[in-house]
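Engineer: What follows is a single structure, and I will ask about it in a moment.
The numbers here are math on the coordinates, done by the rules we state, and not lab data. Here the structure is a predicted model, which is why all the values come from computation and not from measurement. Neighbour counts run over all protein chains shown; Cβ positions are idealised from the backbone, glycine included.
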Amino acid sequence: MKPVRLLLVAAALCSAVFAADSKTLFKITVQLDWVPEPEHGGFYQALARDYFREEGLDVELLPGGPNALVMPKVATGQADVGQADSTNTLLQQAEGLPVVQFAAVFQDDPSGLLVNASSSVQRFEDLQGKTIIARPEWAFLQYLKKRYNLQFNVVPQNFSVAAFLGNKEAIQQGYYIAEPYHIVQAGAPMPRFLSTWDADFRAYAVLVTNRKFARQNPEQLRAFVRAYIRGWRDYLEGDPTPAHEALKRANPNNTDEFMMFSRQMIIDGKLVTGRDANGGPENVGRLDPARFTKQIEQLESLGILKRGKVAAENAITTDFLP
């Protein structure tokens, strides 16, 4: 057989093997909560480094945004996995949505209050009588009012920091790893951050899936979690370039400077590994049932969650964690 023909046959065989392998991969779609940014670094590192593929999975990441509709998509099977915050997930589980929380993204939800560096607000008690730019339905606001006996006004946010920059006394809901960068880039000093965890409101950022999907595909979900955790550890401990290159392709607004800033904020804030005594690399993805029980009690005491509608043992599962 001539060399050229041998090369063609070899190429055809390789293509056939690759096609066969591709067909055996189990497809999982993931609905992100926001546009692709470093908060999704573990996902994109696992994707770029073929960790999902090594587990026999073909994972597709669906970009999110202000109207990502994560819960309805997961509940109706339009996505197999979704990223959300544990508070809103609990509230929707109480309404009967057939979803379960199965892994952590962040051990503490990075949503909090941004305060200008020169603001008179130094602590939560200083919010008395102030105006806060935030999502009116954010449960943390009701929690602050009750815990610190506060009264304040709320102006709906529009996901811009313009109003914050124009008023030294402005207080705005923001994401610990994102808005501070844009504020500094606009020429303002690094803002202070009043975190939910400092007020003992310990919500998670979580991964959720449809209960039916979890029942029918337990091994695939375990494989997904293994690759996902591996991706986060590699992204935080190793070279983040693979994830950052993939993130730039997924969202051209990502710059190297912004992504390195956000990654460092994730590391410094111990968002993925946890700030508790048991925090560390082995804690990536873990969920603590006791913390969920406490969060449920907090939401019930606020009247946001009807008593007895949801319990930690049916809201979460640790069956798919290592």
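Engineer: About its Cα centre, how strong a charge dipole does the chain have in debye, to the nearest 20, once Lys and Arg get +1 and Asp and Glu get -1 at the Cβ?
Structural biologist: Taking the Cα centre of the chain as origin, the dipole is about 560 debye.
Engineer: Using a Gaussian network for the chain with springs between C-alpha atoms less than 10 Å apart, which of these wobbles most: Leu47, Leu62, Leu271?
Structural biologist: Judging by the Gaussian network model, the answer is Leu62.
Engineer: For Thr29, enumerate residues with amide H under 5 Å from its amide H, sequence gap 5+ or separate chain, H modeled in the peptide plane.
Structural biologist: So Thr29 has HN proximity to Glu60, Asp80, Val81.
Engineer: Taking 0.36 nm per residue of separation and subtracting the Cα-Cα distance, what length does fully extending Ala311 through Lys294 add?
Structural biologist: 5.1 nm
Engineer: Relative to the compact globular guide of 2.2 N^0.38 Å, what is the alpha carbon radius of gyration of the range 140-241, as a ratio?
Structural biologist: Working it through for the range 140-241, the quotient is 1.51.
Engineer: Quick one: 3J(HN,Hα) in Hz for the range 212-227, Karplus 6.51/-1.76/1.60 with θ = phi - 60°, rounded, Gly and Pro as x.
Structural biologist: Running phi through 6.51 cos²θ - 1.76 cosθ + 1.60 with θ = phi - 60° gives 5, 4, 5, 5, 7, 9, x, 5, 5, 5, 5, 5, 4, 5, 4, 5 Hz.
Engineer: Then there is this: Excluding residues on the same chain fewer than 8 positions from Lys306, give the aspartates and glutamates whose Cα lies under 15 Å from its Cα.
Structural biologist: Straight-distance partners of Lys306: Glu95, Glu297.
Engineer: Under a cut-off of 24 Å between alpha-carbon atoms, report the lysines in cross-link reach of Lys212, not counting same-chain residues fewer than 8 places apart.
Structural biologist: Lys23, Lys27, Lys73, Lys309
Engineer: Another question about this same structure. Would you list, by chain and number, the lysines whose Cα falls below 23 Å from the Cα of Lys130, excluding same-chain residues fewer than 8 positions away?
Structural biologist: Lys145, Lys146, Lys168
Engineer: Now for a separate question. Report, to two decimal places, the Cα Rg of the chain normalised by 2.2 N^0.38 Å (N = number of residues).
Structural biologist: 1.10
Engineer: Please arrange Val225, Val105 by how many other C-beta atoms lie within 10 Å of their C-beta, fewest to most.
Structural biologist: Taking fewest neighbouring Cβ atoms as first place, the list is Val225, Val105.
Engineer: If R₀ is 45 angstrom, what is the calculated FRET efficiency for the pair Gln78 and Phe124, using the beta carbon separation as r and rounding to 0.05?
Structural biologist: 0.70
Engineer: If amide hydrogens are placed 1.01 Å from N in the peptide plane, which non-local residues have theirs closer than 5 Å to the one on Ile132?
Structural biologist: Asn153, Val154, Val155
Engineer: A further question follows. Going by Cα centres, the range 241-261 and the range 184-238 are how many Å apart?
Structural biologist: 18 Å
Engineer: Using a ≥ b ≥ c from the Cα gyration tensor of the range 111-199 (square roots of the eigenvalues), is it rounded, prolate or oblate, where a/c under 1.5 gives rounded and otherwise the larger of a/b and b/c decides, a/b for prolate?
Structural biologist: prolate
Engineer: In which sequence would Phe159, Phe140 go, from the one with the fewest C-beta neighbours within 10 Å to the one with the most?
Structural biologist: The fewest-first ordering by Cβ neighbours comes to Phe159, Phe140.
Engineer: Moving on to the next point. Rounded to the nearest 20 debye, what is the charge dipole size of the range 111-199 about its Cα centre when +1 sits on each Lys and Arg Cβ and -1 on each Asp and Glu Cβ?
Structural biologist: That gives the range 111-199 a dipole magnitude of about 160 debye.
Engineer: In a Gaussian network model over the chain where Cα atoms closer than 10 Å are linked, find which of Asn217, Asn153, Asn67 has the largest mean-square fluctuation.
Structural biologist: Sorting by GNM fluctuation, first place goes to Asn67.
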